[in-house]
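Only one structure is covered here, and it is reproduced in the block below.
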Amino acid sequence: ERSRSPRSKNYEEIVQLVVMREQARQGKDWALADTYRTQLQQMGVTLFDKTNSWRSTDGLAGRIPSWADLEAGDSPESISAHLVEMMPSSSEGTSSIDEARVKELILERERARSNKDFSRSDEIREELKALGVEVYDKEKMWRAKCGASGCILGFRGSHGPTDLEITTLVVQREKARQSGDWASSDMVRDELRAVGVEIYDKEKMWKANDGRQAAIPSWSQIQSGCAVIGPVSKLGAGGLNQQQLQALLMPLASSGEGGGVQSQVLAAAIMAAQNPATAAKTLQMLNGRSMEPAENEEQSQKVREALRFIEDCQDTGRAATDAEINWLVGIREKCRQAKDFKAADEMRTALSNVLGVQLQEKEKRWETEDGRHGSIPMWTNMSG
């Protein structure tokens, strides 16, 4: 049994206040939430809501429970007790997990995903869960229940980080900096540096040792969900300088079509062009949707993640939040937009049978058995 030393008692008190604050926020009782935050600040605790973590001045750290944790039906006492169980001992520092082992598993999982060995990828995800570690592929981050965290890298193995890995982690670092989570910010910077990517905050640029580089998005761009233009070679593309290339790509970014895989394929194709005229022609062709295989592969991965999430809800018996339902419904709409009706039907069935979510196509509305509802997004409002 864990010793109830003054250190552990302090940890338990912090966790209880953190949980009560989240409950107040979930209930939109902002005054009570602020009261708890003030109490925590007086105890030397800083909350990082954007990265779901907290740290104290005496070296303690932990995880802020998500609203999904609170909605699972557990009492505040049981949630607090579970988080307290994850408290590291003083000899372990601020982490009670073997981070080297976690990183090995993360890398092995990325290799499995790269090889399309999704059964092995899922096995490793379960191994990580058993260690108290959750992976967040969309954020390219992993987080442990004890507060430790790290980056998800290694999809291309020894060939260096992908554009998507870099741009996603750059955004995660900006979120950490905006909330004052300097430890997470430094961690992301150091892990990117270890794979050959340097961040230059004064110039608002990142540069890879293979010549790729791109601007760091502003906080307003991140908040608005603006697409980020993909990286390009420092030597320009097909005879185009940076300003010319930016001018060509900007219409895509402003239309919501400049992010993710499409942006990467665009940048690569333009860089392969031999002159500005060819580059412009290539851009026009690609803008006409000639990169569907790459898009379809990315969409298939999103569908697998969505179905896996629904299975997790079924296994744990918890209800999905409104935000999670909106995410799932959005993925299904993208399947329909891409005419992948088999995947769309599979998701519709899972939403209905597992989560109790009914889709009203004509009314562009979804409804749950407990009375919640929301809108099905219009295709014109969905980004790429």
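The values are calculated or read from the model by the stated rules, or taken from the named source; none is laboratory data. It should be emphasised that the depicted structure is a prediction, and the values quoted were computed from it without experimental measurement. For neighbour counting, all protein chains shown are included, and Cβ atoms are generated from backbone atoms with ideal geometry for every residue, glycine included. Side chains included, ligands, DNA and RNA excluded: accessible areas come from the protein's heavy atoms. Shrake-Rupley method; radii C 1.70, N 1.55, O 1.52, S 1.80 Å.
Summary of computed values
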read-out: Restricting region 293-346 to residues that are acidic (D, E), in contact (Cβ under 8 Å) with a residue 60 or more places away in the chain and buried (at least 17 other Cβ atoms within 10 Å of the Cβ), the residue that is farthest from E126 (Cα to Cα); value: E295
read-out: Output for region 173-198, where each listed residue is part of a loop (DSSP other than H, G, I, E, B) and either modelled with pLDDT of 90 or more or of a type outside the set (S, T, N, Q) (or both); value: G180, D181, V195, G196
read-out: Among the residues listed as R308, R336, the single one being part of a helix (DSSP H, G or I), closer than 23 Å to V135 by Cβ and modelled with pLDDT of 65 or more; value: R308
read-out: Qualifying residue in region 216-225 (condition: at pLDDT 85 or above, open to solvent by 20 Å² or more (accessible area, probe 1.4 Å), within 30 Å of G59 (Cβ to Cβ) and among the hydrophobic types (A, V, I, L, M, F, W, C)); value: no
read-out: Where a residue in region 149-168 is buried (at least 21 other Cβ atoms within 10 Å of the Cβ) and its partner, wherever it lies, is among the hydroxyl-bearing types (S, T, Y) and assigned to a loop (DSSP other than H, G, I, E, B), with Cβ under 9 Å and at least six apart; value: L153/T162
read-out: Count - residues of region 119-145 that are assigned to a loop (DSSP other than H, G, I, E, B), touching a strand residue (DSSP E or B) at 6+ places or on another chain (Cβ under 7 Å) and either open to solvent by less than 40 Å² (accessible area, probe 1.4 Å) or of a type in the set (F, W, Y) (or both); value: 2
read-out: Of all residues making up region 153-192, the number that are in contact with a strand residue (DSSP E or B) (Cβ under 9 Å, 6 or more places away or on another chain) and more than 25 Å from T46 (Cβ to Cβ); value: 6
read-out: Residue within region 108-118 that is open to solvent by 20 Å² or more (accessible area, probe 1.4 Å), without any contact (Cβ under 8 Å) to a residue 12 or more places away in the chain and hydroxyl-bearing (S, T, Y) present; value: no
read-out: Residues of region 26-42 classified as under 18 Å from D181 (Cβ atoms) and open to solvent by 10 Å² or more (accessible area, probe 1.4 Å), total; value: 2
read-out: In region 180-202, the residues that are open to solvent by 30 Å² or more (accessible area, probe 1.4 Å) and not aliphatic (A, V, I, L, M); value: W182, D186, R189, D190, E191, R193, E198, Y200, D201, K202
read-out: First in region 37-62 and more than 21 Å from A144 (Cβ to Cβ), second anywhere and modelled with pLDDT of 80 or more and open to solvent by 70 Å² or more (accessible area, probe 1.4 Å), Cβ under 6 Å, 6 or more apart; value: G44/T57
